[in-house]
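In what follows, a structure is listed as structure tokens, so that the remarks can point back to it.
The values are calculated or read from the model by the stated rules, or taken from the named source; none is laboratory data. Quick caveat, the model's predicted, so the values are computed rather than measured. Ideal geometry is used to build each Cβ from the backbone, glycine not excepted, and the neighbour counts take in all protein chains shown.
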Amino acid sequence: MKLDAEIMFDCLLYINAFYYGMFFSCNFVMTTSKYFSVVSTPDIERDAAVTFTLLAIEFLKLIVYKKYKEKYRGISSTFVILMNFGTLACNFYMLKLMSPVLKLEKLLSILLVMLSSCEIFFGALQPWFKKKPYYT
């Protein structure tokens, strides 16, 4: 079986880029509505900081990879893998430590955890499954 980890990694980041707009808008609206809610939400400042840190990490990851993947393939892939650990940490906070969590927040966080885990897996496989050039 021939595995092309590089194409899988690119496809996962393409799915992440497609998914980011919905993820950003939903999390932004949910956090803002929690902040202005009549019902008091404990630690809303910390929850908002973690949410916006997660959004910034995802945005930075997608921009850096898109800009530098052709020129610096290994460095940009390593950067994405390291940023995914930050994404997983923020999602761990959102799933386990945040007290009032909406069902949509849980669903989006679980989807992002699965996507980030697959990105880490296929990103780590890239050095072992390098494509051989057809012409040389």
> Looking at region 61-83, which of its residues are out of contact with any helix residue (DSSP H, G or I) (no Cβ under 7 Å at 6 or more places or on another chain) and under 22 Å from SER25 (Cβ atoms)?
Replying inline: ILE63, LYS66
>> What's the number of the only condition in (1) more than 25 Å from LYS96 (Cβ to Cβ); (2) surrounded by 15 or more Cβ atoms within 10 Å (Cβ to Cβ) that TYR14 fails to meet?
In response: (2)
> Within region 33-57, can you find the residues that are polar (S, T, N, Q), in a helix (DSSP H, G or I) and modelled with pLDDT under 95?
Replying inline: SER33
>> It is to be established whether one or more residues within region 65-84 are crowded, with 17+ Cβ neighbours inside 10 Å, in contact (Cβ under 8 Å) with a residue 12 or more places away in the chain and farther than 28 Å from ILE7 by Cα.
In response: no
>> Against the definition (among the basic types (Lys, Arg) and closer than 17 Å to CYS118 by Cα), how does LYS61 come out, yes or no?
In response: yes
> Name the pairs: first residue in region 1-13 and under 13 Å from THR78 (Cα atoms), second residue among the hydrophobic types (A, V, I, L, M, F, W, C), Cβ to Cβ under 6 Å, at least 6 apart or on different chains?
Replying inline: PHE9/PHE122
> THR87: within 16 Å of LEU112 (Cβ to Cβ), among the β-branched types (Val, Ile, Thr), surrounded by 17 or more Cβ atoms within 10 Å (Cβ to Cβ) and free of Cβ contacts under 8 Å to residues at least 24 places away in the same chain, yes or no?
Replying inline: no
> Restricting attention to region 19-52, which residues are among the basic types (Lys, Arg) and surrounded by fewer than 16 Cβ atoms within 10 Å (Cβ to Cβ)?
Replying inline: ARG46
> Does ASP43 satisfy being at positive phi and acidic (Asp, Glu)?
Replying inline: yes
